[in-house]
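The block underneath contains the structure these notes are about, expressed in structure tokens.
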Amino acid sequence: MIKLGSTCLLAGILIAARGPLVADGVKKHVIQDFATTDKTGWVLDRTFGVDDLLPPPAGGPGPVTFDRAHPYVPNGYGSQSTYRVADLSNPILQPWTIPSMKKANEEVLAGKVPFRARERCWPVGVPGFNAYSLVEPFYFYQTPGKVVVINQGGPEIRRIYLNVTHSKDVKPSWYGESVGHYESGDTLVIDTIGISAKSFIDNYRTPHTDQLHVVERWKIAADGKTVDVSVFVEDPGAFATPYSAVQRWRRVENTPILPVACNENNGDFFSHGLVPLPEATKSDF
């Protein structure tokens with residue numbers, strides 16, 4: 001993990017040194033730096049909304065959010081926090097997705113602690129990555145051919161390959177295959193396929209199939225203080241219609257990325273019936 005902090009510093013040096021990229025020997029593209037130093041991080045903007053994928057402001061089909069009869073209140077919002085209870089009336093949901101989500105709702109209402117990827121150290125997948133952590137920052141490592149985004153909680157690491165097309169055959173994985181490009185000097189556009197159906201769409205454990213396709217747009221504000229995240233989701237195997245979602249990150253000049261343990265610290269020692277932590281069945285070496 002100490003090496004990661006050095007990596008972020010190196011990224012800042014590389015970005016500053018390379019200047020604008022030149023395409024076709026003529027057109028110059030201005031690329032917005034998401035990390036000007038190794039201390040530049042991004043956290044969810046609490047003034048924008050709770051730590052979930054949120055409905056698009058323009059209306060239309062949106063993500064699963066909380067049941068209005070059981071409002072979700074995160075920690076630190078000035079009142080008693082609550083666990084998430086999913087709104088199963090959302091018309092995007094195909095019938096087969098509802099039983100497992102209904103079971104999760106019933107467990108919460110019965111007093112059990114719900115499963116969320118962040119608390120149980122499971123990879124969050126896409127598009128849930130955009131609302132992964134309430135307080136742990138995201139760090140960016142940018143090169144001409146790749147963007148690596150690290151959330152230090154876990155840590156969770158995501159790679160976005162620039163100016164290439166998707167592979168002919170994509171093997172499903174937790175984060176799928178993400179390809180991207182810069183647009184208008186202030187936006188990183190990311191297209192992701194091949195996301196393992198072992199992951200969930202969001203913090204409400206909304207399932208999906210291997211047909212999931214996600215397009216994200218991360219637009220940095222002119223003053224460099226916020227990033228507006230917009231997400232387009234389609235999966236004809238799980239959702240009745242494509243839908244959109246939004247979130248916002250705010251910039252923090254914190255510290256270089258820190259070593260934050262997850263799996264080692266969160267065992268269910270008191271038999272709360274929590275979902276087991278991920279554990280390898282054999283050594284990687």
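Looking at region 131-139, can you tell me whether even one residue there is surrounded by fewer than 22 Cβ atoms within 10 Å (Cβ to Cβ) and part of a helix (DSSP H, G or I)? No - not one qualifying residue is present in region 131-139. A Cβ distance below 7 Å, combined with a sequence gap of six or more or placement on separate chains, defines the contacts here; from region 113-124, residues that are under 14 Å from F200 (Cα atoms) reach residues that are among the hydrophobic types (A, V, I, L, M, F, W, C) and modelled with pLDDT under 75 in the pairs F115/V275; R120/L274; R120/V275; R120/L277; C121/C262; C121/L277; P123/A117; V124/A117.
Scanning region 140-174 for residues that are open to solvent by 20 Å² or more (accessible area, probe 1.4 Å) and out of contact with any strand residue (DSSP E or B) (no Cβ under 8 Å at 6 or more places or on another chain) gives T143, G154, P155, K168, D169, K171. The set of residues in region 72-101 that are more than 19 Å from Y132 (Cα to Cα) and assigned to a loop (DSSP other than H, G, I, E, B) comprises G78, S79, Q80, D87, L88, S89, N90, P91, I92, Q94.
Out of region 187-202, which residues are more than 19 Å from A240 (Cα to Cα) and open to solvent by 20 Å² or more (accessible area, probe 1.4 Å)? Scanning region 187-202 gives D191, K198. The residues of region 104-121 that are of a type in the set (A, V, I, L, M) and over 10 Å from Y83 (Cα atoms), listed by number, are A104, A110, A117. Scan region 39-60 and tell me whether some residue there is crowded, with 18+ Cβ neighbours inside 10 Å, at pLDDT 50 or above and polar (S, T, N, Q). Yes, because at least one residue in region 39-60 is crowded, with 18+ Cβ neighbours inside 10 Å, at pLDDT 50 or above and polar (S, T, N, Q).
The requirement of being modelled with pLDDT under 95, assigned to a loop (DSSP other than H, G, I, E, B) and in contact with a helix residue (DSSP H, G or I) (Cβ under 8 Å, 6 or more places away or on another chain) is not satisfied by P207. Close Cβ contacts (under 7 Å, 6 or more residues apart or on different chains) running from residues in region 35-46 that are farther than 15 Å from T226 by Cβ to residues that are part of a loop (DSSP other than H, G, I, E, B) and open to solvent by 10 Å² or more (accessible area, probe 1.4 Å) comprise D38/P256; K39/N254; K39/T255; K39/P256. Scanning for something open to solvent by 30 Å² or more (accessible area, probe 1.4 Å) and at positive phi, does region 213-227 turn up at least one residue? No, because not a single residue in region 213-227 is open to solvent by 30 Å² or more (accessible area, probe 1.4 Å) and at positive phi.
The residues of region 105-120 that are under 21 Å from the mean Cα position of the chain (by Cα) and crowded, with 20+ Cβ neighbours inside 10 Å, listed by number, are R116, A117, R118.
On the given criteria, is I160 free of Cβ contacts under 8 Å to residues at least 60 places away in the same chain, in a strand (DSSP E or B) and of a type in the set (A, V, I, L, M, F, W, C)? Spelling it out, I160 is indeed free of Cβ contacts under 8 Å to residues at least 60 places away in the same chain, in a strand (DSSP E or B) and of a type in the set (A, V, I, L, M, F, W, C). Quick one: is I201 without any contact (Cβ under 8 Å) to a residue 60 or more places away in the chain and in contact with a strand residue (DSSP E or B) (Cβ under 8 Å, 6 or more places away or on another chain)? No.
How many of the residues making up region 184-226 are touching a Leu at 6+ places or on another chain (Cβ under 6 Å) and among the aromatic types (F, W, Y)? Show your work before the answer.
Of region 184-226, the ones touching a Leu at 6+ places or on another chain (Cβ under 6 Å) are 195, 202, 218.
Those still in the list that are among the aromatic types (F, W, Y) too: 218.
Qualifying residue count for the region: 1.
Residues in region 67-91 that are within 15 Å of F200 (Cβ to Cβ) and either open to solvent by 30 Å² or more (accessible area, probe 1.4 Å) or touching a residue at least 40 places away in the same chain (Cβ under 8 Å) (or both): R84, A86, L88.
The values are calculated or read from the model by the stated rules, or taken from the named source; none is laboratory data. Quantities reported herein were computed from a predicted structural model and do not represent experimental measurements. As a convention, Cβ positions derive from the backbone with ideal geometry for all residues, glycine included, and neighbour counts pool all protein chains shown. Surface areas here come from the heavy atoms of the whole protein model, side chains and all, with no ligands, DNA or RNA. Shrake-Rupley method; radii C 1.70, N 1.55, O 1.52, S 1.80 Å.
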